[in-house]
Amino acid sequence: MKILLAADGSKYTKKALAFLVTHETLCGPEDELVVLNVQLAVPPRVKTMLGSAAVRDYHQDEATKVLDPIERFLKRHKVPHRASWVVGSPSAELLAAANREKVHLIVMGTHGHGLIGRALMGSVAQRVVTECNVPVLLVK
């Protein structure tokens, strides 16, 4: 099975990751885990003031803070995976990645770093569940 894990660095991402590695039927040695971190774009005015290179370095640093601990955890548990990051709208990028990667399942936390992070279900999770063509496993 090919699984997409939405990784935003929140405690809910950690819970989703722990759930995956403790359920070999979902994430065993023959399954593939694609970990995606989506960085929010900075306003164009800020990008103009700072320069494209500085903004890219910022996104790279922020993505590294999220992805490095996840990759260490997955290597320790011998889970085959690929990790990457993109800049854009989290829900749109997750949906695009699910289609591009032809995943069978998306796993994500119910809350994250969005504006509605404390709502019953985060806004990103809500949109992914509503618009996705594959099953979505929400871990809270």
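The values are calculated or read from the model by the stated rules, or taken from the named source; none is laboratory data. The model shown is predicted, which means the values in this text are computed figures rather than measured ones. Neighbour counts are summed over all protein chains in view; Cβ atoms, including those assigned to glycine, are modelled from backbone coordinates with ideal geometry.
Some points to look at:
- Test: residue in the range 2-23 that is more than 22 Å from VAL139 (Cα to Cα) and either among the hydrophobic types (A, V, I, L, M, F, W, C) or over 12 Å from the mean Cα position of the chain (by Cα) (or both): no
- Residue within the range 77-86 that is over 21 Å from LYS15 (Cβ atoms), more than 13 Å from the chain's Cα centre (by Cα) and of a type in the set (S, T, N, Q) present: no
- Any hit, the range 1-20, residues being of a type in the set (D, E, K, R), at pLDDT below 90 and touching a helix residue (DSSP H, G or I) at 6+ places or on another chain (Cβ under 9 Å): no
- Condition check for LEU105: modelled with pLDDT under 95 and among the aliphatic types (A, V, I, L, M): no
- Looking only at residues in the range 79-97 that are among the hydroxyl-bearing types (Ser, Thr, Tyr) and touching a Leu at 6+ places or on another chain (Cβ under 9 Å), the one that is modelled with the highest pLDDT is SER84.
- Filtered residues of the range 47-72 (kept if among the basic types (Lys, Arg) and under 23 Å from the mean Cα position of the chain (by Cα)): ARG56, LYS65, ARG72
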